[in-house]
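The values are calculated or read from the model by the stated rules, or taken from the named source; none is laboratory data. What you are looking at is a predicted structure, and each value in this text was computed from that prediction instead of being measured. Don't worry about glycine lacking a Cβ; one is built from the backbone with ideal geometry, like all the others, and counts go over all protein chains shown. Keep in mind that these areas ignore ligands, DNA and RNA; they rest on the heavy atoms of the full protein, side chains included. Shrake-Rupley method; radii C 1.70, N 1.55, O 1.52, S 1.80 Å.
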Amino acid sequence: MTPSPSPVPADAALLPPHAPLPLYYGDEDEHQAFLRRIFDDTAPDYDRIERVLAFGSGPWYRRSALKRAGLAAGAQVLDVGIGTGLVAREALTLIGPAGRLVGVDPSAGMMKQIDLPGVELVEGKAEALPRADASSDFLSMGYALRHISDVAAAFGEFHRVLRPGGRVLVLEISKPESRLGTQLLKSYMRAVVPLIARFIGKRSDTAELWRYYWDTIEACIPPAQVMEALRAAGFRDVQRHVELGIFSEYTAIKPE
Ligand SMILES: C[S@@+](CC[C@H](N)C(=O)[O-])C[C@H]1O[C@@H](n2cnc3c(N)ncnc32)[C@H](O)[C@@H]1O
């Protein structure tokens, strides 16, 4: 299929998902190099740490969110930021043999961990999807929003590759609304999870990834801005469903 990422208009406002984090990188080039290194290096540890972090509920939760977003049998799915395939695995159970799934991710290391028959894997980024216009019925992106460089460009691409009537689901962790909730989650994710990662991870930078994970959650643009960016990209019925105060599910539909 011919890659046809949509050109971002020169005057389009850039919408980074968070302010720069100088503890980890300097400029945007260093940011991209940091992301590539951290995901490529720590990929063999990702599923194990994620299981601990989600207390084993990861597959069940991802499947429920996909169902809530309307993913059905036979759909042509594009999973952006497929990583090691945790969202894709659940999507496959819902779309069945008549469906088809393509995964996109810039990290070859993460995608090397995937063992899902029939899935097509393509190296690429949300901001310039290597897919044709109107080629998907459903687009999912799980926990990658905080890593893209321009949310507006990514949502513009989501709109381009979905067919009219197609649906998008963006899963993200959001800061709790209360200060106490934020402090509790911060202590858990910035201290406990990296410690667990140090013990059960095999890579030296796995603990760093999970510290970075929290720092991006804390610095992330608020949910209202994510929803506004979806509307600005041309989506309708933009909604946010929240589980346990932190698991945000953004859904939207490309108008017919
Ligand atoms: C935390 S993992 C999530 C993986 C998987 N979706 C899940 O639910 O577990 C984030 C993924 O986003 C990918 N990523 C980083 N920058 C990206 C970009 N610009 N576009 C798409 N994916 C990106 C990373 O390589 C990584 O595999």
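Just name the residue that is farthest from the ligand (Cβ to nearest atom) out of those in segment 134-165 that are assigned to a strand (DSSP E or B) and touching a Gly at 6+ places or on another chain (Cβ under 8 Å). Write out each step before concluding.
Looking only at segment 134-165, we keep the residues that are assigned to a strand (DSSP E or B), and these are 136-142, 162-165.
With touching a Gly at 6+ places or on another chain (Cβ under 8 Å) added as a condition, the list becomes 136-139, 141-142.
Details: 136: 15, 137: 19, 138: 14, 139: 12, 141: 7, 142: 3 Å.
Residue satisfying both the conditions and the ranking: 137.
In segment 242-253, what count of residues is obtained for those that are surrounded by 13 or more Cβ atoms within 10 Å (Cβ to Cβ) and either without any contact (Cβ under 8 Å) to a residue 40 or more places away in the chain or in contact with a His (Cβ under 6 Å, 6 or more places away or on another chain) (or both)?
1
Just give me the residues in segment 217-241 being at pLDDT 95 or above and either of a type in the set (D, E, K, R) or open to solvent by 60 Å² or more (accessible area, probe 1.4 Å) (or both), in sequence order.
Residues satisfying the conditions are 222, 224, 225, 228, 231, 232, 236, 237, 239, 240, 241.
Return the pair list, or none, for Cβ contacts closer than 7 Å from residues in segment 166-194 that are assigned to a loop (DSSP other than H, G, I, E, B) to residues that are open to solvent by less than 10 Å² (accessible area, probe 1.4 Å), at least 6 apart or on different chains.
174/248; 175/217
From 212, 250, which residue is within 13 Å of the ligand (Cβ to nearest atom) and not charged (D, E, K, R)? If you could, list the steps in order and put the result at the bottom.
Working: 250 fails: within 13 Å of the ligand (Cβ to nearest atom).
Being within 13 Å of the ligand (Cβ to nearest atom) and not charged (D, E, K, R) holds for just one of 212, 250, which is 212.
Hey, among the residues in segment 38-57 that are of a type outside the set (Ser, Thr, Tyr) and at pLDDT 90 or above, which one's nearest to the ligand (Cβ to nearest atom)? Outline the logic, then answer.
Quick first cut of segment 38-57, residues of a type outside the set (Ser, Thr, Tyr) only: 38-41, 43-45, 47-56.
So of that shortlist, the ones also at pLDDT 90 or above come out as 38-41, 43-45, 47.
Numbers: 38: 9, 39: 4, 40: 8, 41: 11, 43: 8, 44: 13, 45: 12, 47: 8 Å.
So the residue we want is 39.
I'm trying to understand the selection: among the residues of segment 93-133, which are open to solvent by 50 Å² or more (accessible area, probe 1.4 Å), more than 10 Å from the ligand (Cβ to nearest atom) and touching a Gly at 6+ places or on another chain (Cβ under 9 Å)?
97, 98, 100, 115, 120, 121, listed by residue number.
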